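Below is one structure, written out as C-alpha cells; comments come after it.
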Amino acid sequence: MSTPRASKAGGQAPSPQPAVRDKVIVITGASSGLGLQTARQLAGQGGQIVMIARDQARGTRARSRVAGAAAGRAPVLLMADLSVQADVRRAARQVRDRCEHVDVLVNNAGAAFSRRALSADGLELTWATNQLAPFLLTELLLPLLAHAPAGRIVSVVSEIYSRKLDPGNLQGERKYGYFRAYRASKLATVLVTAELARRINGSGVTVVAVSPGPARTNFGGGGPPGPMGVVTGALKHTPVVKPAGQAAGGIAWAAAAAELADTPGALYMRGKRLSLKGAANDRSLAARVWAISEQQTGIDPARSAVTAVSAASGVTAISPARGSDA
C-alpha cells in the first residue's frame, strides 16, 4: 500500500474519495469547527449525516449549513452533552432507532478547560468528554458498525498528545493543567484506538486515529491562561494553523479512504501516516486504560459489544501496523 502524500503547497490532505454516497455517517461535535466542516464535506459527497451536538441553537444552524451542502439526504440532528453518560446512551439509542447500520463513526467532539471541573457523573470534564464519551459511544454503536459492509471508526486526536501517561492522575486528581489534561486525554484515545483495532481485528470494522493538525477554530474557548494563552492565540494567525475547512479535509479523507483498512490502529495527519511516539506504543498501558475506561463507563467486559464482535470475527487479534513517517 502506498501512503497518501500531503500537498506540497499547503500540507493539505488529499481530496476525500467519493466513497461515501448513501453511507450513514455519525459525527460528534458537529455544530461548529472541524465537526461542522467534516459534516459539510461528507454530505457534499452524498453521505447521510447524523450530527450530534450539545447546543440546540447552534446545532440547528449547523444542520442548515450541512443541508445546504448535501448531495444526498438531509442531515439528522441529535442533541447530547457528551460529558454526561446518560446523554451518550440516549444518543446511541436514537441512532439505533433510526439506522439499521452505521457505516462511519467520527468521534470528533472534544474540549479543554482552564480549571478542573467535574461532569454530572463526577468525572473530570476533559477526561469525560475526550476519552470516555467516544469510548462509550463506540461500544454502543459497534454492533451497527459491524453490520455495515465496511464499518469505519475515526478517532480525532491531536499530534501533540502526551508522550507519557500516569494512570493515577488521569483525571488531574493530583495535578491539573489545561494542556496537561488535554494531551493526556488524547494519548488515552490514541492508545484505546490501537487497542480496539487489536480486539476487533477481522471484524470488517476499521479503526484509525486522525489529527487534523493545528486548525483555526473556537476550540477550547479562550484557551489556556497566562503566557501560553498568548502564544497559542498568536499562532492562530500563522500559516501553520490551517482554516477549519482545510484541516477537516484530513478527517473526511480518513472517513472515506478505503486503503486505510490495511492499517488498523494507525495515526494519520493531513493524509500522512505518523509514527506513534512514547507511551502510545505501550500495549500494557493501552490495556490498562481500556480497563479503566470500561469501569468508568459501566461496561461489563464479558458482555460488551467489543467482546461479542471479536468473538464473532473468529480471528485472533493481531498488532496494528507500525507507523511510519515516510
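Quick note: the coordinates plus some simple rules give every number you see, no bench work behind them. Predicted, not measured: the structure shown is a model, and the values here were computed from it. As a convention, Cβ positions derive from the backbone with ideal geometry for all residues, glycine included, and neighbour counts pool all protein chains shown.
All C-alpha pair distances within the stretch 52-178, sorted into 5 Å bins from zero, spread as 2, 10, 16, 20, 20, 15, 9, 6, 2, 0 percent across the bins.
Taking the beta-carbon count within 10 Å as an exposure proxy, list Val84, Val156 from fewest neighbours to most.
The most exposed by this proxy come first: Val84, Val156.
Straight-distance candidates among the aspartates and glutamates for linking to Lys23, with alpha-carbon spacing under 12 Å and chain neighbours fewer than 8 residues away dropped: Glu100, Asp103. Amide H contacts under 5 Å for Gln48: Asp22, Lys23, Val24, Ile25, restricted to partners 5 or more places along the chain or on a different chain, H placed in the peptide plane at 1.01 Å from N. Listed by chain and number, the aspartates and glutamates whose C-alpha is less than 19 Å from the C-alpha of Lys272, apart from same-chain residues fewer than 8 away, are Glu159, Glu259, Asp262, Asp325. Under the shape rule built on the C-alpha gyration tensor, where the axes satisfy a ≥ b ≥ c, the stretch 24-310 is rounded, since a/c falls short of 1.5.
For Met51, Met269, Met79, what ranking results if the residue with the fewest other Cβ atoms within 10 Å of its Cβ goes first?
Exposure proxy ranking, most exposed first: Met79, Met269, Met51.
Can you give me the Cα centroid spacing of the stretch 29-48 and the stretch 84-116 in angstrom? Cα centres, the stretch 29-48 to the stretch 84-116: 15 Å.
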